[in-house]
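Engineer: Let me give you the structure first, and then I'll get to my questions.
The values are calculated or read from the model by the stated rules, or taken from the named source; none is laboratory data. From a predicted model like this one, the values you see are computed outputs, not experimental measurements. Glycine gets a Cβ as well: all are built from the backbone with ideal geometry, and neighbour counts include every protein chain shown.
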Amino acid sequence: MLKILQKVFALLGLVLAVYALITDRFVVMPYMFFCLGVMLLIMGLQEKRKPLNYLFFLVSGLNIFVIIKTFFFN
């Protein structure tokens, strides 16, 4: 189940990035970063090795924090 969600969020992030590059409308970038943050969070849940697991959680937490700050304060 987590592998499917990881692939869905990765594909959604890729589609949003390609859309932003083709149309030069970068208003979708926060949504793309949110998808990538959720993908990293799922990768952290799947990871068996502890040091890499903590790194995924740290990066995804920072990413999701910045996106929430961008949504509410801009």
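Engineer: Within 19 Å of residue 68 (Cβ to Cβ), part of a helix (DSSP H, G or I), touching a residue at least 12 places away in the same chain (Cβ under 8 Å) and not small (Gly, Ala, Ser): does that describe residue 5?
Structural biologist: On the way: within 19 Å of residue 68 (Cβ to Cβ): no; part of a helix (DSSP H, G or I): yes; touching a residue at least 12 places away in the same chain (Cβ under 8 Å): yes; not small (Gly, Ala, Ser): yes.
Spelling it out, it is not the case that residue 5 is within 19 Å of residue 68 (Cβ to Cβ), part of a helix (DSSP H, G or I), touching a residue at least 12 places away in the same chain (Cβ under 8 Å) and not small (Gly, Ala, Ser).
Engineer: Restricting the search to the range 65-74, which residues are modelled with pLDDT under 85 and either outside any helix (DSSP H, G or I) or surrounded by 14 or more Cβ atoms within 10 Å (Cβ to Cβ) (or both)?
Structural biologist: Answer for the range 65-74, where residues must be modelled with pLDDT under 85 and either outside any helix (DSSP H, G or I) or surrounded by 14 or more Cβ atoms within 10 Å (Cβ to Cβ) (or both): just 74.
Engineer: May I ask you to list the residues in the range 31-63 that are surrounded by fewer than 16 Cβ atoms within 10 Å (Cβ to Cβ), part of a helix (DSSP H, G or I) and not aromatic (Phe, Trp, Tyr)?
Structural biologist: 45, 46, 50, 51, 52, 53, 55, 58, 61, 62
Engineer: Out of curiosity, is residue 21 surrounded by 15 or more Cβ atoms within 10 Å (Cβ to Cβ) and assigned to a helix (DSSP H, G or I)?
Structural biologist: Working: surrounded by 15 or more Cβ atoms within 10 Å (Cβ to Cβ): no; assigned to a helix (DSSP H, G or I): yes.
It is false that residue 21 is surrounded by 15 or more Cβ atoms within 10 Å (Cβ to Cβ) and assigned to a helix (DSSP H, G or I).
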